[in-house]
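Read the structure below first, then the notes.
The values are calculated or read from the model by the stated rules, or taken from the named source; none is laboratory data. This structure is a prediction, so every number in the text was calculated from the model and none was measured. Cβ coordinates were reconstructed from backbone atoms using ideal geometry, including for glycine residues, and neighbour counts include every protein chain displayed. We work out accessible area using only protein heavy atoms, side chains counted, and drop any ligands, DNA or RNA first. Shrake-Rupley method; radii C 1.70, N 1.55, O 1.52, S 1.80 Å.
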Amino acid sequence: MSQEFSHRSVLLDECIEGLAIRENGIYVDGTAGGGGHSFHIAKHLKNGRLIAIDRDAAAIAAATARLSPFSERATVYRSNFSEVASVLDALGIDKIDGMLLDLGVSSHQLDTAERGFSYQADAPLDMRMDRRSEKTAYTVVNTYSEEELKHILFTYGEEKFSARIAKKIVEQRAKAPIATTRELSELIKSAMPAAAREGGHHPAKRSFQAIRIEVNGELDAIVPALKSAISRMNKGGRLAVITFHSLEDRIVKQTFAELAEGCKCPKSLPICVCGNQPTVKVITKKPILPSEAELAENPRSRSAKLRIAEKL
């Protein structure tokens, strides 16, 4: 399994530089995937330590194999990145010097047809990053109300035809459950006006993204993970986060801004009474984007954005 797990590490050089790695520091890769970023973090350590976390069993196997040259300083741990505090407690670690989060779906997950992430292959409707979870894409598509489906497609997928697609799903499943990715993909396509099906993205792209986010609770995990990581970080530690769509990026940007904010008192007050102190300094005023060279080599990196904050 691990040998099959190929994942090109997006914005790799920018992440390593942004983390400002100290060779004796303790670092966490909260989304280890195939271990690409983790490998390069471990390579920069001497007496330091790396904790590589992922909730996907295939990723755990791949990261373990990839990090085998650094087994004395790298620990691979199966968990969700939002549970970083619990992971550190379990390993007896108090403070860390940096953390990386890559919030994208790995190429391996997309390319493994039976995982059900891709609208370009026919597979059971699954989409779970952690296959121990009960909720699948089948659950969402076949049991959520029309209103819930419309909300998910519009909010998480920014799909302007969300109402039409939700209505079509509910009509179709009344006849028989929608069981496969191809079935769902074709149904989404048929719900759209002809003009919207031509050119640009695949018609099902936004809807599949929305359902995947709902299945895995992806957006719910971001804020707790960021705040938890910062609370466990030594002064000068860096938190680097790669996002792949505007919803994630907005959450990261807003959370960093909130953590970087000082006094929240009304301007009319002569002195601060709230006592609020900033906990981070935002390093990236604007997100770092992939270079032209990276885009040419890995088109899937096109929507990637990297934001970095430093613990004060």
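Residues in the range 266-286 that are at positive phi and surrounded by 10 or more Cβ atoms within 10 Å (Cβ to Cβ): there are none. Does R206 meet the test of being closer than 24 Å to L289 by Cβ, basic (K, R) and in contact (Cβ under 8 Å) with a residue 40 or more places away in the chain? So R206 fits the description; yes. Filtering the range 184-219 to residues that are under 19 Å from I251 (Cβ atoms), surrounded by fewer than 22 Cβ atoms within 10 Å (Cβ to Cβ) and either of a type in the set (S, T, Y) or in contact with a Ser or Thr (Cβ under 8 Å, 6 or more places away or on another chain) (or both) leaves only N216.
In this structure, is I93 open to solvent by less than 20 Å² (accessible area, probe 1.4 Å), assigned to a loop (DSSP other than H, G, I, E, B) and in contact (Cβ under 8 Å) with a residue 40 or more places away in the chain? Yes; evaluated as a whole, the condition is true for this residue.
One residue is enough: does the range 246-256 have a residue meeting the conditions in a loop (DSSP other than H, G, I, E, B) and at pLDDT 90 or above? No, the conditions are met nowhere in the range 246-256. Would you say A20 is modelled with pLDDT of 95 or more, open to solvent by 10 Å² or more (accessible area, probe 1.4 Å) and within 15 Å of D97 (Cβ to Cβ)? Yes: the conditions hold for A20.
Taken over the range 45-60, the criterion of being assigned to a loop (DSSP other than H, G, I, E, B) and either open to solvent by less than 10 Å² (accessible area, probe 1.4 Å) or within 19 Å of K95 (Cα to Cα) (or both) is satisfied by L45, K46, N47, G48, D56. Listed by first and then second residue, the pairs with beta-carbon distance under 7 Å, at least 6 apart or on different chains, first residue in the range 61-82 and under 21 Å from E218 (Cα atoms), second basic (K, R) and modelled with pLDDT under 95, are R78/R55; S79/R55; N80/R55. All of (1) assigned to a loop (DSSP other than H, G, I, E, B); (2) touching a residue at least 40 places away in the same chain (Cβ under 8 Å); (3) over 22 Å from V215 (Cβ atoms); (4) not β-branched (V, I, T) hold for G33 with one exception: (3).
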